[in-house]
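The values are calculated or read from the model by the stated rules, or taken from the named source; none is laboratory data. Here the structure is a predicted model, which is why all the values come from computation and not from measurement. A quick note on method: Cβ atoms are made from the backbone with ideal geometry, for glycine too, and the neighbour counts reach across all protein chains shown. Surface accessibility is based on the protein's heavy atoms, side chains included, excluding ligands, DNA and RNA. Shrake-Rupley method; radii C 1.70, N 1.55, O 1.52, S 1.80 Å.
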Amino acid sequence: MKQAVVEVTQRIRERSASTRSAYLARVDAMIARPRGADRLGCANVAHAFAALPGADKLRIVAERAPNLAVVTSYNDMLSAHQPYEGFPALIRDEAHRLGVSAQVAGGVPAMCDGVTQGQPGMELSLFSRDAIAMGTAIALSHDVFDGALLLGVCDKIVPGLLIGALHFGHLPCVFVPAGPMSSGLSNTDKSKVREQFAQGLVGREQLLQAESAAYHGAGTCTFYGTANSNQMLLEAMGLHVPGAAFIHPHAQLREALTREAVRTLLGITKGANFMPIGRLVDERVIVNAMVALLATGGSTNHLIHWVAVARAAGIVIDWTDFSDLSHATPLLARVYPNGVADVNQFQAAGGPGFVIRELIDSGSMHADVSTVAAGGLRAYGTVPAQVGDALQWSALPAAPIDDAVVRTAAAPFSPEGGCKLLTGNLGRAVIKVSAVPADRHIVEAPARLFDTQEQLLAAFNAGELERDFIAVLRFQGPAACGMPELHKLTPPLSVLQGRGFKVALVTDGRMSGASGKVPAAIHVSPEVMKGGPLGKLRDGDIVRLDAVAGTLDALVDAAVWAARDAAPLTDAQAQVNGHGLGRELFAGMRRNVLSAEQGACTWL
């Protein structure tokens, strides 16, 4: 094992000793109880199984066969989740073949950031993660299950399901992905049309054609954003059937892998192989997820989400842990926006299996962890195929299949990972450097302050930004407005950078898993709404963003800086942030939410 990985893991273990011990004690107490159908009163049992066929009732009550929960995020508006419509029937059929039963325990909400991007609904997006966690808890609260299959793919849905499942840490759990859509218009060509539209060179009709050619069918979007990063991390945590992440929803192999998920869950619900999720997800597994994220240049959103996931298991991590691991983690994949390939090309080049194998062999990842699959984490360094009616896993080639997409640990794209921590008198922030050109890793320029995305876009459209500047977008943190993604700003900032200006974004908001070639210091903590120093900036102050040194500073005289007060959120803007499209219902979350570095948790 690399010394840095060992040291960070040990640091997390020591920091989390009391919270992890208390968590495991609660898990063990739940495990020690009699099974649900034996423990609950007769009326409770009758209600739970009233709608089941008689044979299933017999299995559960008389034969004491396992009863598996299905928690689904199905809806038919999200392309990634539309394929889940038929999964419950498939799962029930496989469960019956295996002599057990399965029930859809509940559904959870699932919203699409692609639909709400730049719209008021995006201000519900981050908080939807904790709503999903609560929905998962409600689904499992009936307490008659021996294990759970969790159906979800996209941005907040997987972290929400995982947080919810970890609060039922006594249950074995397997995550069931649905896969990416087939490749359409390339992400590079799509981005070009977006930039042309931002400049007024093409109209809405051409833009809609391009977007519809890119997003055109069932499955996740094909860029390596938060949704597909989710799947990479679940593979690295050993919570999938190995290799299940990036198989197309309509492939025959997808059905075989979904059926295998039922068999896999059944295999860990009892006996010597019993493995509840609360025991499985330990500090080594969390570190493996962090390393997988860094090695693939994955979504910056996970520097928030996986902090919350870890906390749900009694494990405390922070951005310094990510930063130290990043220095020791080789960058092994280039998938858009970190490259030109999409996730289907990534899968064809070896995908998660190639990356995980290389990380294990190079000592970058803990191999001695529990997983839902037999064979441990090394099983996730293989690739599945269907041979007749059977599934088989085979080794990947030693050399890269396409070294423009994946590399070995001995010859990586970069010796360091894709994310960096920035610190300075403006607070703590993160930056995704893997997609940013090297000559843009340092930007020093006057600040131009904005309090809304609309203000920045209006300034761009008015031609006011044709110069070197650092856009500072304030009041975008979780307490201010729910911390929306600001991906809508990528096209205009990319246009300005393409014209030769030195530009960057600094914000207490999120930029999304699609963070691209414009340097962006995001998640600045503490946020301005909580008195963060970003609120002290004034128009024209020189700001230095240095991703090489890892600093983020206002170059203002120390005495002047100390004497300044932070700008307040105006009453008018607070009213806008708090009303419309259901935002009133999330006021309690805005009041109680922790900082981005603390996982933006609303439940602690």
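Within the stretch 573-604, the residues that satisfy the criterion of being open to solvent by 70 Å² or more (accessible area, probe 1.4 Å) and over 23 Å from the mean Cα position of the chain (by Cα) are 575, 576, 579, 581, 584, 585, 591.
Residue 198 fulfils the conditions (1) surrounded by fewer than 19 Cβ atoms within 10 Å (Cβ to Cβ); (2) over 30 Å from residue 374 (Cα atoms) except for a single criterion, (1). Checked against the criterion of being open to solvent by 30 Å² or more (accessible area, probe 1.4 Å), modelled with pLDDT of 95 or more and out of contact with any Cys (no Cβ under 7 Å at 6 or more places or on another chain), the candidates 508, 468 yield just one match: 468. For residue 490, the conditions (1) outside any helix (DSSP H, G or I); (2) within 23 Å of the chain's Cα centre (by Cα); (3) surrounded by 22 or more Cβ atoms within 10 Å (Cβ to Cβ) all hold with the exception of (1).
Of the helices (runs of 4 or more DSSP H) lying entirely inside the stretch 151-221, those containing at least 3 residues that are closer than 24 Å to residue 232 by Cβ are 157-166, 187-198. Whenever a residue of the stretch 30-53 is within 16 Å of residue 69 (Cα to Cα), its partners that are outside any helix (DSSP H, G or I) and among the hydroxyl-bearing types (Ser, Thr, Tyr), lying with C-beta atoms within less than 7 angstrom and at least six residues away or across chains, give the pairs 52/101. Scanning the stretch 416-432 for residues that are at pLDDT below 95 and part of a loop (DSSP other than H, G, I, E, B), we see that the one that is surrounded by the fewest Cβ atoms within 10 Å (Cβ to Cβ) is 416. For residue 444, the conditions (1) open to solvent by less than 40 Å² (accessible area, probe 1.4 Å); (2) at pLDDT 95 or above; (3) over 24 Å from the mean Cα position of the chain (by Cα); (4) closer than 25 Å to residue 564 by Cβ are fulfilled apart from (1). Taking each residue of the stretch 528-554 that is outside any strand (DSSP E or B) and looking for partners that are at pLDDT 95 or above and of a type in the set (Ser, Thr, Tyr) with beta-carbon atoms closer than 7 Å, six or more apart or interchain, yields 532/525; 550/423.
Here's the yes/no breakdown for (1) surrounded by fewer than 17 Cβ atoms within 10 Å (Cβ to Cβ); (2) within 21 Å of residue 254 (Cα to Cα); (3) of a type in the set (Phe, Trp, Tyr):
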site	(1), (2), (3)
360	no, no, no
365	no, no, no
369	no, no, no
382	no, yes, no
385	yes, yes, no
388	yes, yes, no
395	yes, yes, no
401	yes, no, no
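Residue check: residue 129 meets all listed conditions (1) touching a Pro at 6+ places or on another chain (Cβ under 8 Å); (2) more than 22 Å from residue 116 (Cβ to Cβ); (3) in a helix (DSSP H, G or I) but one, namely (2).
If you check 303, 294, 331, 325 for being farther than 24 Å from residue 408 by Cβ and at pLDDT 95 or above, only one passes: 303. Only one of the numbered conditions (1) out of contact with any Asp or Glu (no Cβ under 9 Å at 6 or more places or on another chain); (2) under 16 Å from residue 220 (Cα atoms); (3) open to solvent by 10 Å² or more (accessible area, probe 1.4 Å) is violated by residue 178, and that is (3).
Evaluated against (1) farther than 22 Å from residue 87 by Cβ; (2) of a type in the set (S, T, N, Q); (3) surrounded by 17 or more Cβ atoms within 10 Å (Cβ to Cβ), residue 212 falls short on exactly one condition, (3).
When 566, 547, 554 are checked against the criterion of being surrounded by 13 or more Cβ atoms within 10 Å (Cβ to Cβ) and farther than 25 Å from residue 419 by Cβ, a single residue qualifies: 566. So, residue 435, is that one open to solvent by less than 40 Å² (accessible area, probe 1.4 Å) and either at pLDDT below 95 or touching a Phe, Trp or Tyr at 6+ places or on another chain (Cβ under 6 Å) (or both) or not? So residue 435 passes the test.
Scanning the stretch 298-352 for residues that are outside any loop (DSSP other than H, G, I, E, B) and farther than 20 Å from residue 435 by Cα turns up 305, 306, 307, 308, 309, 310, 311, 312, 320, 321, 348.
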